[in-house]
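Just so you know, all these numbers are worked out from the coordinates, no wet-lab data involved. All of these numbers come straight from a predicted model, not from anything done at the bench. Ideal geometry is used to build each Cβ from the backbone, glycine not excepted, and the neighbour counts take in all protein chains shown.
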Amino acid sequence: MRCPNCGERESRVVDSRDLDEAATVRRRRECMACTTRFTTYERVEAARLTIVKRDGTRQDFQRRKLVAGLQKALTRRPVAADAADQAADAIEAALRSQGANEVPSRRIGELSMEELRRIDHIAYIRFASVYQSFEDIEQLKREVDTLLAERVEPGLPASRPGPVPASRSGPVPTAASDRRR
């Protein structure tokens, strides 16, 4: 591992910890030349997933593209900073558990919508409106009505799954605080 400060290849491991149920290893390293400390992450490289696009073309699964799409939907929502990464982990695990090396892009979209629906309904609607290419406001309204119907049970106040708690300190913004901005 090259030192980010001086480029030296020799380093020693100072600390090592398992993350994500041992799927990732975090290592603190110290450069042997300049003594700079830096962190590296190691993840098992699983068999490559190939995505089959709607037009039949194939391309390698790119986790960063999945995370970027999820982050875009979750922008300015009161969720944990790592919510997109956790959702991407769940989606990737679901894809790999199917045992197929080729996955239709449609399946990734479906799993993304399921995860966003669980995390935050506004992020879900944002993603669904693009992914499902709503052609008019009526389609969007039907999707919102479906969400509202799911969260209302007879005799109980309307509620929905709460957002994933923010990992940063301080109050989580509310609708009232958003209107004040």
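At a glance:
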{"quantity": "Computed FRET value (nearest 0.05) for residue 42 with residue 141, which takes r as the C-beta separation and R₀ as 41 Å", "calculated": "0.30"}
{"quantity": "Efficiency of FRET between residue 75 and residue 102 - r from beta-carbon atoms, R0 25 angstrom, step 0.05", "calculated": "0.20"}
{"quantity": "Per-residue Cβ neighbour rank within 10 angstrom, fewest leading, 42, 143", "calculated": "42, 143"}
{"quantity": "Label-point separation in nm, residue 27 to residue 59, each point 7 Å along Cα→Cβ", "calculated": "3.2 nm"}
{"quantity": "Net charge, residue 62 excluded, C-beta distance under 13 Å - Lys, Arg +1, Asp, Glu -1", "calculated": "+4"}
{"quantity": "Förster-model FRET efficiency, 30 Å R0, residue 82 and residue 35, C-beta, rounded to 0.05", "calculated": "0.50"}
